[in-house]
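Novice: My structure is below; once you've seen it, I'll send some questions.
The values are calculated or read from the model by the stated rules, or taken from the named source; none is laboratory data. Note that the structure is a prediction, hence the values are computed from the model and not measured. FYI the Cβ positions are ideal-geometry reconstructions off the backbone, even for glycines, and counts take in every protein chain you see.
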């Protein structure tokens, strides 16, 4: 697939957000995160990205991420987060993108979540590929287990079962670890148009993690080649509070990439 030209160089990879979110559209916290990543061929990823974006690469390689965590108290604008409907386990399959303005972001190929109402709102209001699933996150000592089994819209049988053991704090993240975790926006398609939604949060507290179990087919269900071999990166974070800002607009008011 032909790649859109970059009019500017991609923004630097930074551990801290390059922009502010003084007027948040959404607030939430991401807790008990497991980051699993496999290297991927940009040619496999490119057809799955929104128009106006291309695979973001580090030394010629892009990545597929499987990220499991607890969403906590999603809220609108500056209102307090919702304690029940806004708190639920989630597992997403994500890709890494950059647009013609050089903005790096993530593209979600699937977002499994255990609350039906947030799934319905995410699909209807934001056109995000949320999927209603049975899910659980549990922790015993330094071992965290994440399970997911899809309900609707499927495909039925898509699932994940991940267990990690939390290790030592990452005192000095590598370039790759920053590339995979310090992402300050989301690229998506919204009613046929490309949309960039910026986010901010404190610097990630990251830990090394040992992968104890990974039985999943969510990556293949997202239209990607099934991972071969173990992940190239396994990380854990206790989490961060997050703010999503409003999308940039043209003078005519249309969201643009």
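Residue by residue, here is whether (1) surrounded by fewer than 19 Cβ atoms within 10 Å (Cβ to Cβ); (2) in a strand (DSSP E or B) holds:
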| position | (1), (2) |
| --- | --- |
| 150 | no, yes |
| 164 | no, yes |
| 173 | yes, no |
| 180 | no, no |
| 198 | no, yes |
| 209 | no, yes |
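Novice: Which pairs have Cβ atoms under 9 Å, sit 6 or more apart or on different chains, and link a residue in segment 1-24 that is on the phi < 0 side of the Ramachandran plot and loosely packed, with under 15 Cβ neighbours inside 10 Å to one that is assigned to a loop (DSSP other than H, G, I, E, B) and at pLDDT below 80?
Specialist: Cβ pairs passing all conditions: 23/77; 23/78; 23/246.
Novice: Right, here's the next one. Taking only segment 228-257 into account, find how many residues are part of a loop (DSSP other than H, G, I, E, B), modelled with pLDDT under 95 and either farther than 17 Å from residue 63 by Cβ or in contact with a helix residue (DSSP H, G or I) (Cβ under 9 Å, 6 or more places away or on another chain) (or both).
Specialist: 11
Novice: Could you grab me the full set of residues in segment 25-48 that are touching a residue at least 60 places away in the same chain (Cβ under 8 Å), surrounded by fewer than 19 Cβ atoms within 10 Å (Cβ to Cβ), in contact with a strand residue (DSSP E or B) (Cβ under 6 Å, 6 or more places away or on another chain) and not in a strand (DSSP E or B)?
Specialist: 25, the sole residue that qualifies.
Novice: Determine, yes or no, whether residue 126 is at pLDDT 95 or above, within 16 Å of the chain's Cα centre (by Cα) and farther than 16 Å from residue 235 by Cβ. Before you say what the answer is, go through the steps one by one.
Specialist: Working: at pLDDT 95 or above: no; within 16 Å of the chain's Cα centre (by Cα): yes; farther than 16 Å from residue 235 by Cβ: yes.
No: the conditions fail for residue 126.
Novice: Please go through segment 49-72 and pick out each residue that is under 18 Å from residue 180 (Cα atoms), touching a strand residue (DSSP E or B) at 6+ places or on another chain (Cβ under 7 Å) and not in a strand (DSSP E or B).
Specialist: Correct list: 49, 56.
Novice: Further question: I'd like to verify a number: residues in segment 96-123 that are more than 21 Å from residue 180 (Cβ to Cβ), over 16 Å from the mean Cα position of the chain (by Cα) and either crowded, with 20+ Cβ neighbours inside 10 Å or at pLDDT 95 or above (or both), how many?
Specialist: 3
Novice: While we're looking at this one, here's another question. For segment 130-141, name all the residues that are touching a strand residue (DSSP E or B) at 6+ places or on another chain (Cβ under 9 Å) and surrounded by fewer than 19 Cβ atoms within 10 Å (Cβ to Cβ).
Specialist: 134, 136, 138, 139, 141
Novice: Taking residue 144 as meeting all but one of (1) out of contact with any helix residue (DSSP H, G or I) (no Cβ under 8 Å at 6 or more places or on another chain); (2) crowded, with 22+ Cβ neighbours inside 10 Å; (3) over 22 Å from residue 227 (Cβ atoms), write down the number of the exception.
Specialist: Every listed condition holds for residue 144 apart from (3).
Novice: Something else now. Is there a residue being touching a helix residue (DSSP H, G or I) at 6+ places or on another chain (Cβ under 9 Å), at pLDDT 95 or above and more than 22 Å from residue 158 (Cα to Cα) anywhere in segment 68-84?
Specialist: no
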